[in-house]
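Chemist: To start, I am sharing the structure in question, which I have written as structure tokens.
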Amino acid sequence: MSIVLKTVLLLTLSNLFMTIAWYGHLRNLSDKPWWIAALVSWSIALFEYLLQVPANRIGFTALTLPQLKMLQEVITLTVFVPFAVFYMRQPLNWNYLWAGLCLLGAVYFIFKN
């Protein structure tokens with residue numbers, strides 16, 4: 001498996017945990033005190049870091065730091081949109097498309113030689 005593919009897979013899994021840690025409590029723990037939500041989120045975020053740190057270390061052997069960061073941002077949006085629409089029941093709107101197109105432009109310039 002290539003370094004970039006390993007990085008993408010680890011960052012995608014990391015982002016799933018991150019998104020749940022950051023936003024899942026808004027749906028599941030809204031009736032609990034904030035500190036309970038924070039403790040649950042921190043517990044979930046541990047798994048995010050256990051995937052994100054190795055992903056960045058692996059990725060940095062083949063990608064520049066800006067490329068690695070841009071890859072992370074694209075993965076974040078790719079994970080966040082389905083989470084927002086299907087799990088958090090937020091309406092899908094054109095802003096997701098426009099944000100994605102802006103990121104594609106950013107990817108182009110970061111990866112351009």
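The values are calculated or read from the model by the stated rules, or taken from the named source; none is laboratory data. Being a predicted model, the structure only gives us computed values, none of them experimental. We place every Cβ from the backbone using ideal geometry, glycine too, and count neighbours over all the protein chains shown.
Chemist: Does the range 24-39 contain at least one residue that is among the hydroxyl-bearing types (Ser, Thr, Tyr), farther than 21 Å from GLY105 by Cβ and at pLDDT 95 or above?
Modeler: Just the residues of the range 24-39 that are among the hydroxyl-bearing types (Ser, Thr, Tyr), to begin with: 30.
Applying the additional criterion that residues be farther than 21 Å from GLY105 by Cβ yields 30.
Keeping just the survivors that are at pLDDT 95 or above gives none.
No.
Chemist: Those residues that are over 11 Å from the mean Cα position of the chain (by Cα), of a type in the set (Phe, Trp, Tyr) and within 24 Å of GLU73 (Cβ to Cβ), I need them from the range 1-46; list them, please.
Modeler: TYR23, TRP42, listed by residue number.
Chemist: Checking GLN72 against (1) surrounded by 14 or more Cβ atoms within 10 Å (Cβ to Cβ); (2) within 21 Å of SER2 (Cα to Cα); (3) free of Cβ contacts under 8 Å to residues at least 24 places away in the same chain; (4) not acidic (Asp, Glu), only one condition comes out false. Which one?
Modeler: GLN72 satisfies every listed condition except (3).
Chemist: Please go through the range 1-52 and pick out each residue that is among the charged types (D, E, K, R), farther than 30 Å from GLN67 by Cβ and surrounded by 12 or more Cβ atoms within 10 Å (Cβ to Cβ). Step through it out loud before you land on a result.
Modeler: The first filter runs over the range 1-52 and keeps only residues among the charged types (D, E, K, R), leaving 6, 27, 31-32, 48.
Narrowing the set further to residues that are farther than 30 Å from GLN67 by Cβ leaves 27, 31-32.
Matches in the range 1-52: LYS32 only.
Chemist: On the basis of being under 16 Å from the mean Cα position of the chain (by Cα), closer than 25 Å to PHE60 by Cα and either at pLDDT below 90 or β-branched (Val, Ile, Thr) (or both), does LEU103 make the cut? Give the derivation first.
Modeler: On the way: under 16 Å from the mean Cα position of the chain (by Cα): yes; closer than 25 Å to PHE60 by Cα: yes; either at pLDDT below 90 or β-branched (Val, Ile, Thr) (or both): yes.
It is true that LEU103 is under 16 Å from the mean Cα position of the chain (by Cα), closer than 25 Å to PHE60 by Cα and either at pLDDT below 90 or β-branched (Val, Ile, Thr) (or both).
Chemist: Further, regarding this structure: From PHE17, PHE86, PHE47, grab the single residue that is free of Cβ contacts under 8 Å to residues at least 24 places away in the same chain and either closer than 24 Å to GLY105 by Cα or not basic (Lys, Arg) (or both). Break it down into steps so the answer makes sense when it comes.
Modeler: On the way: PHE17 fails: free of Cβ contacts under 8 Å to residues at least 24 places away in the same chain; PHE47 fails: free of Cβ contacts under 8 Å to residues at least 24 places away in the same chain.
So the residue among PHE17, PHE86, PHE47 that is free of Cβ contacts under 8 Å to residues at least 24 places away in the same chain and either closer than 24 Å to GLY105 by Cα or not basic (Lys, Arg) (or both) is PHE86.
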